[in-house]
Every structure is written in C-alpha cells, then in structure tokens.
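Each remark here refers to the structure printed beneath this line.
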Amino acid sequence: MSQLYKKETRTFRDHWISFIHELQDSICKALEEVEEKAKFVTDEWDREHGHGGGITRVIAGGQVFEKGGVNTSVVWGPVTDIMRSQLKIEGNTWFACGLSLVIHPLNPYVPTTHANWRYFELYDDQGKVCDRWFGGGSDLTPYYLFEEDARHFHRSFKAAIDPFGSDLYFKYKQWCDQYFVNRHRDDEMRGIGGVFYDHVRPVDEGDANRLFTFQRENGNAFLQAYLPIVSKRKDMAYGEREVEWQEIRRGRYVEFNLIHDRGTLFGLKTSGRTESILMSLPPRARWEYNFQPVKGSPEAELLDACLHQRDWIE
C-alpha cells in the first residue's frame with residue numbers, strides 16, 4: 001500500500017474509496033430490507049502479491065433475490081503485455097477502484113439489474129499519473145416488459161444526470177444500447193438499457209471533482225431506480241412457462257458477460273479474483289436450440305424490445 005500512496009492523487013483516491021464502500025453498505029442494507037429470507041454474506045479478500053483486495057457481498061436463495069452480489073475492489077499492479085495487446089492499455093502501472101453489482105431476482109416478472117461505478121489511473125515509469133478516467137452506469141434486463149417500469153428506470157437516471165448536462169442522458173443511453181449487445185445474435189440487446197459511459201477523462205482537478213460528483217449522483221440514484229420495480233413485481237404469480245423464458249434470457253446474459261463484457265475480460269486478464277468476477281452469472285440458465293417465442297406473446301414483446309432500440313423517456 002505504501003507504494004500506491006506515493007502517487008499525487010492520494011487524497012482524491014481516498015475519497016473515492018470511501019464513497020464506494022459507503023455506497024456498498026447502503027445498497028446492501030436496502031436490498032436486505034426488501035428480502036425477508038436471505039442476508040448478504042461478506043467475503044473480504046486480498047489480491048496476490050499484495051496488490052490490493054476487495055469486499056465481496058453475496059446474497060443467495062432468497063424469497064426475492066435468487067442470487068446477487070454487490071462487490072467493491074481496490075486493486076493495482078503492473079501493466080502487462082496482455083493488457084497492452086488485448087485491452088489497449090499503455091503505461092507502467094495502474095490503479096482501479098470501483099463497485100460492481102448484479103442482482104438476479106427469483107420471480108421472472110422482476111428484472112435483473114447490473115450497475116458499476118469505477119475510477120482508473122495509469123502511471124508512467126516515474127510513478128506519475130499519465131492517464132485517468134471514470135466509467136460506469138446501470139442497466140435493466142427484464143424478462144417481461146412493463147413499459148412503466150422501463151420509463152421509471154430511465155427517468156431516475158436522467159434526473160441524476162441532467163444537472164451535469166442536458167445532452168448527457170441521451171448520449172449515455174445510446175452508449176448503453178450499443179454496448180450491452182450480443183453481436184453474435186443479430187445485435188440483440190441483453191435488456192432494455194439504461195446508461196453507460198467509459199473513459200470519461202477529467203481535463204483538470206476541478207473537472208475531476210465534478211466527475212466524482214457525477215458518479216456519486218448516479219450511484220445514489222440506483223436504489224430509487226430499481227427498488228420500486230422490485231416492490232411492484234415481486235409478488236406476481238408465475239409458473240413453469242415464465243421460468244423457462246427467464247432461463248433462456250439468462251442464457252443471453254451469460255453469453256454477453258463471457259464473450260463481450262470488457263469489465264469481465266479486464267478482471268480475468270489482470271489476474272482478478274475469479275469468484276468475484278463470475279458472481280455476475282445467474283444460478284440457472286438455459287439454451288434451447290433455435291428457440292423462437294410465439295408471435296404476439298409477452299415473450300415476443302420482450303424480444304422485440306431487445307432487437308429494436310426504444311426511447312423510454314416520453
């Protein structure tokens with residue numbers, strides 16, 4: 001840790017680290033208040049070679065949440081040849097700190113959700129910062145489409161983003177629609193989107209503080225965006241048909257995370273903790289050969305929303 005704190009952004013990083021740990025606490029507490037059966041289990045871990053660690057919090061087997069995780073990590077290390085060639089990262093050493101969560105509810109009428117907020121620094125061979133950026137966002141992956149839920153989720157993040165620029169929600173919504181896509185399945189989105197942004201670089205220290213606040217407001221918007229949907233849908237009746245469709249769509253979720261997701265690939269390429277990285281995968285998934293939902297069915301309606309980008313802010 002002493003080597004890490006020789007860098008000039010020590011105070012800034014300290015504030016960011018404190019924020020993501022506070023956000024982790026508040027999100028886990030709020031989710032447990034909804035979940036009557038299960039509680040989060042905490043696993044604190046250290047990265048190999050003393051290069052940081054993290055706090056993994058996992059919930060499983062609940063009445064509301066079948067599986068989920070809210071993880072934080074503070075890690076650093078040398079830039080490797082694999083990072084240079086496959087992740088296009090240049091520099092001598094790096095630092096990354098963030099929160100990542102994925103929640104897979106039990107009831108197919110409650111959507112899965114994902115979110116992360118992270119901060120990254122690159123250093124030259126003198127230990128000076130040569131690049132730094134923020135990234136993150138949150139998206140919704142329903143199994144059945146309720147348009148009012150989609151509008152609520154998107155409006156919640158638009159309200160958080162608008163004070164920083166009236167064009168940013170639309171820019172980051174489009175970015176999300178284009179990122180969380182299974183290219184190998186005719187550009188099928190894994191859900192109905194949200195907001196996503198990456199490599200947002202501050203131009204100076206004042207801008208870095210502004211972007212910190214931007215990240216904080218987005219992180220704090222998560223619970224008000226997601227929990228009202230959970231409360232509205234968690235007690236809806238469902239049967240085998242809904243579960244089968246949920247498992248098929250979860251299969252698409254697995255495909256995206258293992259084939260396309262840069263966060264997953266970064267973790268695996270930098271010797272990250274596999275259990276924490278693959279926490280995002282659902283406990284159950286299904287692959288049916290050439291499955292096509294019945295035309296005009298609720299399942300077909302959801303698939304259509306995943307195949308065609310829509311404006312959820314009306």
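The values are calculated or read from the model by the stated rules, or taken from the named source; none is laboratory data. The structure presented is a predicted model; accordingly, all values stated were derived computationally and were not measured. Note that we place each Cβ from the backbone using ideal geometry, even for glycine, and neighbour counts take in every protein chain shown. Surface areas here come from the heavy atoms of the whole protein model, side chains and all, with no ligands, DNA or RNA. Shrake-Rupley method; radii C 1.70, N 1.55, O 1.52, S 1.80 Å.
Just a few scattered comments:
- Looking at the stretch 218-280, the helices (runs of 4 or more DSSP H) lying wholly inside it that each contain 1 or more residues that are more than 23 Å from TYR172 (Cα to Cα) and polar (S, T, N, Q) sit at 240-259, 274-277.
- Total residues in the stretch 286-311, condition under 18 Å from VAL181 (Cα atoms) and not in a helix (DSSP H, G or I): 5
- Check on ILE89, touching a strand residue (DSSP E or B) at 6+ places or on another chain (Cβ under 8 Å) and modelled with pLDDT of 95 or more: no
For (1) in contact with a strand residue (DSSP E or B) (Cβ under 8 Å, 6 or more places away or on another chain); (2) farther than 18 Å from TYR144 by Cβ; (3) exposed (fewer than 15 other Cβ atoms within 10 Å of the Cβ), each residue gets a yes or a no:
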| residue | (1), (2), (3) |
| --- | --- |
| ASN218 | yes, yes, no |
| TYR226 | yes, no, no |
| VAL243 | no, no, no |
| GLU247 | no, no, no |
| ILE277 | no, yes, no |
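- Search result, residues across the stretch 48-77 that are modelled with pLDDT under 95 and open to solvent by 40 Å² or more (accessible area, probe 1.4 Å): GLU48, HIS49, GLY50, HIS51
- Of the residues LEU145, LEU140, LEU122, the single one that is of a type in the set (A, V, I, L, M), within 29 Å of GLY239 (Cβ to Cβ) and either more than 17 Å from the chain's Cα centre (by Cα) or surrounded by fewer than 22 Cβ atoms within 10 Å (Cβ to Cβ) (or both) is LEU145.
- Total residues in the stretch 202-216, condition open to solvent by less than 70 Å² (accessible area, probe 1.4 Å) and in contact with a helix residue (DSSP H, G or I) (Cβ under 7 Å, 6 or more places away or on another chain): 4
- Taking every residue in the stretch 94-105 that is under 18 Å from PHE212 (Cβ atoms) and pairing it with any residue that is open to solvent by less than 10 Å² (accessible area, probe 1.4 Å) and among the aromatic types (Phe, Trp, Tyr), at least 6 positions away or on another chain, the pairs with Cβ-Cβ distances below 7 Å are CYS97/TRP16; CYS97/TYR119; GLY98/TRP117; GLY98/TYR119; LEU99/TRP117.
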